[in-house]
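Report on the following structure.
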Amino acid sequence: MKGEGIPYAWANQTKIYPDSVMTQSQVTEALEIATGNQALSLTRHNKKMATRNDVIFTVWKLAGSPRVDQQIDLTNIQLNDDSYPAWQYAVQHGWTDGWITENRLNPNKPILRKEFATLVDKALNPFENLPVSIVPDGYSKN
């Protein structure tokens, strides 16, 4: 996720605003970077807020649409909803830890940056799977 650079005295600060919501284009851009996948279902240039449902379903598909053996009762996600198996998997694998309020998952609530970051880390493990270099691109000793 990208932060916002703010000049401060002699140093810079980077703010990520964890309690702010994400747009579909921000989610798409972050997932493309985290996975290297350029063909995601969310609209790239859409300023519409991304919902928890949008993100769970997309990340579940990126993870290969894994199935679960055991069904659990999800009170506000319907069995006939396309994202139902994604929610089943997400809940059982801890992707949504901390999201339940008043016994509901609130799938249509806009996703917060901190929820998105936690979900991507648990589901896709980008820091294990992406190469990270401490040498900047284009750097040459010569």
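The values are calculated or read from the model by the stated rules, or taken from the named source; none is laboratory data. This is a predicted model, so every value here is computed, not measured. Every residue, glycine as well, gets a Cβ built from its backbone with ideal geometry; the counts of neighbours run over all protein chains shown. In case anyone asks, the SASA skips ligands and DNA or RNA and just uses the protein heavy atoms, side chains included. Shrake-Rupley method; radii C 1.70, N 1.55, O 1.52, S 1.80 Å.
May I ask you to verify whether Leu31 is in a helix (DSSP H, G or I) and either modelled with pLDDT under 75 or surrounded by 11 or more Cβ atoms within 10 Å (Cβ to Cβ) (or both)? Taking the combined requirement at face value, the residue satisfies it.
When you check Pro107 against the structure, is it loosely packed, with under 15 Cβ neighbours inside 10 Å and assigned to a loop (DSSP other than H, G, I, E, B), yes or no? So Pro107 fails the test. Check whether at least one residue in the range 90-102 is in a loop (DSSP other than H, G, I, E, B), in contact with a strand residue (DSSP E or B) (Cβ under 8 Å, 6 or more places away or on another chain) and either crowded, with 17+ Cβ neighbours inside 10 Å or at pLDDT 90 or above (or both), and report yes or no. Within the range 90-102, not a single residue is in a loop (DSSP other than H, G, I, E, B), in contact with a strand residue (DSSP E or B) (Cβ under 8 Å, 6 or more places away or on another chain) and either crowded, with 17+ Cβ neighbours inside 10 Å or at pLDDT 90 or above (or both).
Total residues in the range 57-88 satisfying the condition of being open to solvent by 50 Å² or more (accessible area, probe 1.4 Å), closer than 16 Å to Asn108 by Cβ and within 17 Å of the chain's Cα centre (by Cα): the figure is 1.
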